[in-house]
Amino acid sequence: MKPISFKDRVKIYAKAGNGGNGVVAFHRDKRTPRGGPDGGDGGHGGSIILKGDPNTDSLNYLHYQPHQRAEHGGNGAGNNRHGRRGKNTILSVPLGTVIKDPDTEEFIDEIIEEGQEIVIAKGGYGGLGNLRFKSSINQAPDQCKEGTPGEERAYRLELKLMADVGLVGYPNAGKSTLLTALTDATPKVASYPFTTINPILGTLVFENYTRIRIADIPGLIDGAAEGVGLGHYFLRHIERSRFLIFVIDMAAEDNRNPADDYRNLRKELETYNPELADRPFLVLANKTDEDVAEENLAEFKKETGLDPLCISAGLGEGCEKIKEILYDHFFGK
Ligand SMILES: Nc1nc2c(ncn2[C@@H]2O[C@H](COP(=O)(O)OP(=O)(O)OP(=O)(O)O)[C@@H](O)[C@H]2O)c(=O)[nH]1
Ligand SMILES: [Mg+2]
């Protein structure tokens, strides 16, 4: 699987507007035939600016329009008229957009707050008109300056979802089903692995209208931490979540072993970023409505020493308890 369908990682080319030129002009009218220099300055070129927008959740449009330009500044004119300032191009991006060098992948900056602005290509300066060169020893200057070119640069933009909770699990474990049960999101649910190919955010609203965001992250596979499959893309999203929910398929469909699943998931996370080992988490035993689940659960408890919360995401059983745990964790009692 190649990360082609991924729009949360795009390369863009930003070209800011050039500054307008200053001009040489001299004032003339009936009464003042030699009125002196009056060439105006060129306007500054428009810049390209990324702006944090909580209502945007993908970089899709930039994937389809990677070449972004801003307006050039207008040229100056006689009668000391300044050139028009080029309009900035403002690109709304989701909170959690990371700006990187496209070649070295080096971190440059990131958008984390609503309304935060980062200039990624600065517009050129407008050139000075000849009026600016007037001095006591040069009353009629014929100099002016050209505007400077706008900055031009390529960037890699990457989206790390800013979720409070990340759902972690193997394909088919029931993560999307759980997200549907807990939040307003409606991800696709199907009985084949890798149904979810893009991370999806849902908002869980509590009775008192406080809310947290939960990310349904595509199923992990072994070797994800080494970049197998789309491993790195998914782990990047998990890294941002403050709380992790491990969704384990207790029905052990697809010949899974739930205890191995849990251990391997943890191993992948820790290999990717050791800090993830310390992150608060909750383990869910899903699909406990299935008959085989009981036996698997007993084996799971014995092998891992854990006492997971038993749920059936499909039937919505156990969801109230999950909400309680999350509420206590994020807002205390
Ligand atoms: N019996 C039972 N089936 C469930 C339960 N939860 C999910 N399923 C089924 O398991 C299959 C996979 O569910 P998804 O929610 O798509 O799983 P996922 O973890 O999002 O899978 P990927 O997106 O492929 O990684 C679907 O056929 C669901 O109907 C459950 O509690 N009980
Ligand atoms: Mg899914």
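Assorted remarks:
- Alpha carbon centroid spacing (whole Å) that separates the range 159-212 from the range 1-73: 39
- With only the Cα atoms considered, the chain has a convex hull volume of 179 Å³ per residue.
- Under 29 Å from LYS301, Cα to Cα: lysines that are on another chain or at least 8 residues apart: LYS175, LYS267, LYS287, LYS321, LYS323, LYS333
- Distance in nm between pseudo-label sites at GLU317 and GLU303 (7 Å out along the Cβ direction from Cα): 2.2
- Binning all Cα-Cα separations of the range 83-229 at 5 Å, short to long from zero, yields these whole-percent fractions: 2, 8, 11, 12, 12, 11, 10, 7, 6, 5, 4, 3, 3, 3, 2, 1, 0, 0.
- Spin-label zone in the range 159-173 - amide nitrogen under 15 Å from a point set 7 Å from the Cα of LYS188 along the C-beta vector: 172
- Value in Å of the Kirkwood radius, where the range 1-126 supplies the Cα pairs that are averaged: 16.7
- Considering only the range 1-159, percent of DSSP beta bridges that pair antiparallel, nearest 5: 75
- Potential lengthening between ILE197 and ALA277 on full extension [0.36 nm per residue; Cα-Cα distance subtracted]: 26.3 nm
- Nearest-0.05 FRET efficiency for THR210 and VAL292, computed from C-beta distance (R0 51 Å): 0.85
- Potential lengthening between ASP29 and ASN55 on full extension [0.36 nm per residue; Cα-Cα distance subtracted]: 3.8 nm
- Two numbers describe the Cα atoms of the range 258-322: Rg and Dmax, which are 13.0, 37 Å.
- FRET efficiency estimate (nearest 0.05) - Cβ-Cβ, LYS87 to GLN139, R0 35 angstrom: 0.45
- Among the chymotrypsin sites (Phe, Trp or Tyr not before Pro) in the range 143-230, those placed in a DSSP loop whose Cβ has at most 10 other Cβ atoms within 10 Å are TYR209.
- Eligible lysines near LYS51 by straight Cα distance, threshold 25 Å, same-chain separation 8 or greater: LYS7, LYS11, LYS15, LYS87, LYS100, LYS122, LYS160
- The chain: relative contact order as a whole-number percent, Cα under 8 Å and 6+ apart: 16
- Helix 319-331 axis, angle to the chain major axis (alpha carbon atoms, nearest 10°): 50
- Solvent exposure of the range 124-276 as accessible area per residue, Å², 1.4 Å probe: 44
- Atom-type composition of the exposed protein surface of the range 165-331 places 48 percent of the accessible area on carbon and sulfur (1.4 angstrom probe).
- Potential extension, LYS11-ARG242 segment - 0.36 nm per residue separation minus Cα distance: 80.4 nm
- Note on the chain: helix-only mean residue ellipticity at 222 nm, from DSSP H runs of 4+ residues weighted -39500 (n - 2.57) and normalised by residue number, equals -6000 deg cm²/dmol.
- DSSP beta bridge pairing in the chain, given as percent antiparallel to the nearest 5: 55
- The simple spin-label model puts a point 7 Å past each Cα toward its Cβ; for ASN79 and ARG263 those points are separated by 8.4 nm.
- Protection proxy ranking of 88-101, 211-224, 270-283, by the mean of other Cβ atoms within 10 Å over each peptide's residues and highest first, is 211-224, 88-101, 270-283.
The values are calculated or read from the model by the stated rules, or taken from the named source; none is laboratory data. The structure displayed is predicted, hence computed values, not measured ones. FYI the Cβ positions are ideal-geometry reconstructions off the backbone, even for glycines, and counts take in every protein chain you see. Protein only, heavy atoms only, side chains kept; ligands, DNA and RNA dropped before computing areas. Shrake-Rupley method; radii C 1.70, N 1.55, O 1.52, S 1.80 Å.
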